[in-house]
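Bear in mind that the values in this text are calculations on the coordinates, not laboratory data. Treat the numbers as computed from the prediction; the structure is a model and nothing was measured. Cβ: placed from backbone, ideal geometry, glycine included. Neighbour counts: every protein chain shown.
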Amino acid sequence: MAQTPSSSLDHLSESELTARLDQEVLPKHVAVIMDGNGRWAELRGLPRIAGHREGINSVREMIAQCLELGIRALTIYAFSQENWNRPSQEINALMGLLEHYLSTERDKLIEQQVRFRAVGRLELLPESAQHWVRTTEKETAHLDKMALTVALSYGGRAEIVDAVKGLLRDAASGTVQPDRIDEALFDRYLSTHPLPDPDLLIRTSGETRISNFLLWQLAYTELYFTPTLWPDFRRREFLLALIEYQRRERRFGRVLSTVSS
Ligand code: IPE
Ligand code: IPE
Ligand code: MG
């Protein structure tokens, strides 16, 4: 199949890009490393927190767009375990933003029928942030139009270690037979269970690394890196990522294309 270089899509409007999407091959689960907020602010001579604040508008748009397109799972990396090493002023501001987002956005999520869940070492969050996380999880637990998972104080290695600990506990109590442990069983001990693995991972801001995100779950995910900073990643940008995803041939180790020799 002939492929259109993405530069040829630059002049297309949002509705023209949407028309190019094949509704049959949309990812079921999209994961996002929302990076570049600080640089977005610095470029404008603003404090870094201004970039985090603007980034929330990108989150709102992406949730709305996923709902419109029928993408039923979105997992976003909001705060990593390693982010605890940032200056306390930035950490406090980020926690404040999280609380503000959850307390003001809850009704909207309910109206949109979005189920919210947080994954990560949530016990490390300030008590007030934990309160809003728990409240939002509880109030949206019955909703099923879309699963919004927010990784907070999250580390992929820590998640795997926690899964191993859970398995060992169940093996010690006899609920799990060690020789029955396989990938599907292991997956049940991960915090993202029962979500399917992400089909597409988007990382903004030009960095091309995983930064300890969903290490197990990304085994066969298509990776999409863009120089766009997260606060600038809006509807057109998401469509470009989806179009690029649809051009990929997901082989999972098999041979799919017939190549004539
Ligand atoms: C991503 O933006 C948001 C978080 C990590 C909380 P950054 O804050 O990492 O922005 P840059 O990478 O410094 O531009
Ligand atoms: C990854 O971004 C974490 C989040 C987006 C929450 P970072 O900005 O923290 O990642 P590194 O430090 O550039 O790898
Ligand atoms: Mg960053």
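Assorted remarks:
- Least to most buried among Y77, Y220 (fewest other Cβ within 10 Å first): Y220, Y77
- Distant-in-sequence amide H partners of T75 (H built 1.01 Å from N, under 5 Å): V30, A31, V32, T149
- A straight line joining the Cα centroids of the range 42-90 and the range 178-229 runs 18 Å.
- Potential lengthening between T104 and D197 on full extension [0.36 nm per residue; Cα-Cα distance subtracted]: 30.5 nm
- Calculated [θ] (222 nm, deg cm²/dmol) that DSSP helices of n ≥ 4 give over the chain, each run adding -39,500 (n - 2.57): -13500 deg cm²/dmol
- Extension gain, R121 back to D22 (0.36 nm per residue minus Cα-Cα distance, nm): 31.9 nm
- Note on the chain: with charges restricted to the Cβ of Lys and Arg (+1) and Asp and Glu (-1), its dipole about the Cα centre is near 160 debye.
- Amide hydrogen proximity for S80: with H placed 1.01 Å from N in the peptide plane, the residues at 5 or more positions away or on another chain lying under 5 Å are S153, Y154.
- The lysines whose alpha-carbon is closer than 28 Å to the alpha-carbon of K28, local same-chain residues fewer than 8 away aside, are K108, K138, K145.
- Kirkwood's formula applied to the C-alpha pairs of the range 28-76 gives a hydrodynamic radius of 11.7 angstrom.
- Value of Rg to Rh for the chain, rounded to two decimals, is 0.98; Kirkwood radius and Rg both from alpha-carbon coordinates.
- Alpha-carbon Debye profile of the range 31-169, log10 I(q)/I(0) at 0.11 Å⁻¹: -0.42
- Phi angles across the range 33-43 convert, under the Karplus curve 6.51 cos²θ - 1.76 cosθ + 1.60 with θ = phi - 60°, into 3J(HN,Hα) values of 9, 7, 10, x, 4, x, 5, 4, 5, 4, 4 Hz, Gly and Pro given as x.
- Scaling against 2.2 N^0.38 Å puts the C-alpha radius of gyration of the range 101-223 at 1.19.
- Each of T104, H131, G51 was scored by the projection of its Cα onto the charge dipole of the range 39-163, and the greatest displacement toward the positive side belongs to G51; charges sit on the C-beta of Lys, Arg, Asp and Glu.
- Cβ-based exposure ranking for E54, E68, in which fewest neighbours within 10 Å come first: E68, E54
- Packing-based exposure ordering (other Cβ within 10 Å, fewest first) of M146, M62: M146, M62
- Within the listed set E82, E42, E249, the Gaussian network model of the chain (springs between alpha-carbon atoms below 10 Å) gives the highest mean-square fluctuation for E249.
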